[in-house]
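See below for the structure under consideration.
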Amino acid sequence: MPTIRFQVLYVFLVLARDQRSILHFNVTAHPTAEWTGQQLREAFPFDQLPRYLLRDRDAIFGNGFRQQARGMGFTKCCARRARLGRELTSSG
């Protein structure tokens, strides 16, 4: 997300698919694997884990993030491909 000063901010967003609501979000200019893992812990603090965790294929969701997610109790941590190209070509 670019800012008015053309800086890039990164948004971590957790959505409840069944309720179509935002469970947790945070913004940073410099995301790290540790920051991302902390956001996951803050989004699900009391063992209220969903069945699946869908994420994109960014490098920030590497082995450390996957191990932390499994340690929290996530059984499925699936990467999804972005469909931006398909959406751009079909929107015209």
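A short reminder: the numbers here are calculations on the coordinates, not readings from a lab. This structure is a prediction, so every number in the text was calculated from the model and none was measured. FYI the Cβ positions are ideal-geometry reconstructions off the backbone, even for glycines, and counts take in every protein chain you see.
Tabulated values for the structure
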{"read-out": "Long-range HN-HN contacts of residue 15 with modeled amide H, under 5 Å", "value": "23"}
{"read-out": "Cβ-defined net charge surrounding residue 60, 12 Å radius [Lys, Arg +1; Asp, Glu -1]", "value": "0"}
{"read-out": "The range 3-18 - phi-based ³J(HN,Hα) in whole Hz, Karplus 6.51/-1.76/1.60, Gly and Pro as x", "value": "9, 5, 9, 6, 8, 9, 10, 10, 10, 9, 9, 10, 10, 8, 5, 6"}
{"read-out": "Derived scalar couplings ³J(HN,Hα) [the range 56-73; Karplus, 6.51 cos²θ - 1.76 cosθ + 1.60; whole Hz; x for Gly, Pro]", "value": "8, 9, 5, 5, 5, 9, x, 4, x, 5, 5, 5, 5, 5, 5, x, 6, x"}
{"read-out": "Within the range 1-79: Cβ-based charge dipole about Cα centre, in debye rounded to nearest 20 (Lys, Arg +1; Asp, Glu -1)", "value": "220 debye"}
